Structure formats: structure tokens, C-alpha cells
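Each remark here refers to the structure printed beneath this line.
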């Protein structure tokens, strides 16, 4: 498999994680919001997370997939809040 050049953006934007919360979430849970804001995944980390969620664990077991991902990749992150 080879990545193709796409100078005109015909293949769209790269995939990435998206976080959703209710209105006021950041005010209600400021430490969690700050932690979420700091999460940056490289292609390998994101690919592994997606594979676990979609292919290995499947629908309804997303939390189990994330737990497994954290076992594999969690030590690569500083999970402390900086404020």
C-alpha cells in the first residue's frame, strides 16, 4: 500500500478523533475539558484506536476498545492537567 499525493485535496481531510459534549461541559468539568483539549494522536495511534473500536471490539464495546488501547498506548501521554 502506498500513500498517494493529493495536492488538490480530492481525497478530503485526514481522519481524526472528535469529542462531543453537552453545552456547558467545559464549565462543569474544566479538568476533563483541558485534558481532552491536549489529546493529539499521530497516524499510528489513531489507526490502532480505530482498528480496536471498529474491527476488534465492535459496536457497543467502544469503552472496552479504549481501555485496551490505553493499555497499549497510554504510557505515551502525560495525563496530568496543566492548570
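Just to be sure I understand, how many residues within segment 12-43 are part of a loop (DSSP other than H, G, I, E, B), modelled with pLDDT of 80 or more and within 21 Å of the chain's Cα centre (by Cα)?
Looking only at that region, the number is 11.
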message: Looking at segment 59-83 only, could you name the residues that are farther than 24 Å from residue 14 by Cβ, surrounded by 12 or more Cβ atoms within 10 Å (Cβ to Cβ) and at pLDDT 90 or above?
response: 61, 64, 67
message: Here is a check on your reading of the model: is residue 52 surrounded by 13 or more Cβ atoms within 10 Å (Cβ to Cβ), out of contact with any strand residue (DSSP E or B) (no Cβ under 7 Å at 6 or more places or on another chain) and at negative phi?
response: yes
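The values are calculated or read from the model by the stated rules, or taken from the named source; none is laboratory data. Computed from a predicted model, the values in this text were never measured in an experiment. Using ideal geometry, Cβ is built from the backbone for each residue, glycine included, and neighbour counts are taken over all protein chains shown.
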